[in-house]
Amino acid sequence: MQTLLVVDDEERILVLMMRTFSGQGYRVLTATNSASAFAQLGTHPVDLMILDLALGEETGLTLLEKVRPAYPKMPVIVVSGITDVGVRIKTLDSGAIDVVAKPFVLAELVARVRRHLGPTEAPSSRYVDAGRHRLDISRRVFHGPEGSSGLAEREAALLAYLMRRAGDVCTREELLKFVWELDFDPGTNLVDVSIRRLRRKLPGVQLETVRGVGYCFLPDDRPA
């Protein structure tokens, strides 16, 4: 699975990008500033970065100039509402392979990513697979070596997200944002309660707790 890193300080853009590119078969990482972008790059292999030029204190152009020598082979597509031709030229001269104007059409951005990375196999809208586990999203039924189990709607959405990010640690904030569409912590242990329910229903599934951070789905990769 090819991995994208989306760097933008607008939460709604990150949510939109996550949903769009995950649906196209990509693993999507997000960052809101330079520090978090470098943290993601240092932790995960990234195939392509989508970078907004307006990042608050440090501009996307500054980040691009830092990223380019550190990761010279990683393609960077810049998205920007800046119309100044000089800025766009400097962006390309600094190593971006493409510049997309805001507001952009998602289908066009997806096409540009495909052009630079090549085609990726879009996941089935019905199934999510990880190791020897399969989740039927339509029927909300989980299948694994230990058998099958039905899930509630939100449980299935949470498990689908964790399975798509199998092996990665997903923070509670990330899960609240992309599974429950909450930009704040309601203070109800919503994620922890849902994880406990999944563990009760799926005793053979490894949902690892990373203390103080979040959760990680560990697929069973043993041969059947």
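Conditions tested, residue by residue: (1) in a helix (DSSP H, G or I); (2) open to solvent by 10 Å² or more (accessible area, probe 1.4 Å); (3) in contact (Cβ under 8 Å) with a residue 40 or more places away in the chain; (4) in contact with a Lys or Arg (Cβ under 7 Å, 6 or more places away or on another chain).
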residue: Ile50; (1), (2), (3), (4): no, no, yes, no
residue: Leu63; (1), (2), (3), (4): yes, no, yes, no
residue: Pro69; (1), (2), (3), (4): yes, yes, no, no
residue: Gly95; (1), (2), (3), (4): no, yes, no, yes
Among the residues of the range 62-84, write down those that are under 20 Å from Arg112 (Cα atoms) and modelled with pLDDT under 85. Ser80, Gly81, Ile82, Thr83
Can you name the residue in the range 125-143 that is open to solvent by 60 Å² or more (accessible area, probe 1.4 Å) and within 20 Å of the chain's Cα centre (by Cα) and is also modelled with the lowest pLDDT among such residues? Ser125
Going residue by residue through the range 13-25, is there one that turns out to be more than 23 Å from Ala101 (Cβ to Cβ), buried (at least 18 other Cβ atoms within 10 Å of the Cβ) and within 18 Å of the chain's Cα centre (by Cα)? yes
Which residue is surrounded by the most Cβ atoms within 10 Å (Cβ to Cβ), if the candidates are limited to the range 1-12 and must be at pLDDT 85 or above and either over 16 Å from Leu55 (Cα atoms) or not acidic (Asp, Glu) (or both)? Val7
Given the conditions (1) outside any strand (DSSP E or B); (2) open to solvent by 20 Å² or more (accessible area, probe 1.4 Å), which single one is not true for Thr30? (1)
Quick one: in the range 151-171, which of the residues that are within 14 Å of Val191 (Cβ to Cβ) and part of a helix (DSSP H, G or I) is most open to solvent (accessible area, probe 1.4 Å)? Arg154
Any residue at all in the range 183-199 that's of a type outside the set (Ser, Thr, Tyr), surrounded by 13 or more Cβ atoms within 10 Å (Cβ to Cβ), modelled with pLDDT under 85 and not in a helix (DSSP H, G or I)? no
Sole residue being of a type outside the set (S, T, N, Q), open to solvent by less than 70 Å² (accessible area, probe 1.4 Å) and farther than 22 Å from Asp168 by Cβ, chosen from Phe38, Phe104: Phe104
Index of the failed condition, Glu208 passing every other in (1) at pLDDT 90 or above; (2) open to solvent by less than 30 Å² (accessible area, probe 1.4 Å); (3) under 21 Å from the mean Cα position of the chain (by Cα): (2)
Would you confirm, using the coordinates I've provided, whether Arg112 is touching an Asp or Glu at 6+ places or on another chain (Cβ under 7 Å) and either open to solvent by less than 50 Å² (accessible area, probe 1.4 Å) or at pLDDT 90 or above (or both)? no
Qualifying residues in the range 82-93 (those that are under 26 Å from Ala39 (Cα atoms) and open to solvent by 20 Å² or more (accessible area, probe 1.4 Å)) - the one nearest to the chain's Cα centre (by Cα): Leu92
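The values are calculated or read from the model by the stated rules, or taken from the named source; none is laboratory data. Just so it is clear, the model here is predicted, and its values are computed rather than measured. No Cβ is skipped: glycine too gets one built from the backbone with ideal geometry, and neighbour counts run over all protein chains shown. Accessible surface areas use protein heavy atoms only, side chains included; no ligands, DNA or RNA. Shrake-Rupley method; radii C 1.70, N 1.55, O 1.52, S 1.80 Å.
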